[in-house]
């Protein structure tokens, strides 16, 4: 029997014991649960998860931004009405950063569309901020002083995306690393088994190919 996989998350404003790790649990049927929501006995919080009794601790890397993603509307093209005016507002910044770091500008825009829906003040549950949803560790790594400044955020996010493309030489793995942290891509030797990460990769590639000139490409970098 093939088990199913569940993943639950809460914002990092939860107890500090929960903020640093994802916990992997397995039940008697082989079903797997990934969560960072545990009680004082390191058991999954919530009556629906009492059957998950076998625990394995999985590192939540500092650059991990695993959370649920949305289409912002009825289709891939949609964004929230309040930010629809921003859809093309950052094109010059995107083109400049993409040219600087050798990344297709359409890919950068697809990431921004999926990450924030063009909201420069967006913040995820795990703590990522701005247009390209930079985690604090990633912002420091790429010298982004103000994550809510669109130019700085786009430059840092594009630089990180370029780094990941060179590191993995594969579009899907680079996007998985952007979402789940490159350490998790290494750990699982591919796209991590997090439903949100797998969904994220599909959403970005879909938008890139359908909306921003990807033409079905699976990018690689030498």
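How would you rank 185, 111, 37, going from fewest to most other Cβ atoms within 10 Å of each one's own Cβ?
Final ranking by Cβ density, sparse to dense: 37, 185, 111.
Within region 73-106, what residues put their amide N at less than 14 Å from the label point 7 Å along the Cα-to-Cβ vector of residue 151?
Residues passing the 14 Å test: 90-97.
State the extension gain, in nm to one decimal, for the chain segment bounded by residue 55 and residue 29, taking 0.36 nm per residue of separation less the distance between their alpha-carbons.
8.0 nm
Quick one: if the Förster radius is 45 Å, what FRET efficiency do residue 76 and residue 143 give, using the C-beta to C-beta distance and rounding to 0.05?
0.90
Taking neighbour counts of Cβ atoms within 10 Å as a proxy for exposure, in what order, fewest first, do 178, 188 appear?
Exposure proxy ranking, most exposed first: 188, 178.
Which order results if 187, 129 are arranged by neighbouring Cβ count within 10 Å, fewest first?
Neighbour counts put them in this order, fewest first: 187, 129.
Rule-based calculations on the coordinates, nothing more; no lab input. Predicted, not measured: the structure shown is a model, and the values here were computed from it. Cβ coordinates were reconstructed from backbone atoms using ideal geometry, including for glycine residues, and neighbour counts include every protein chain displayed.
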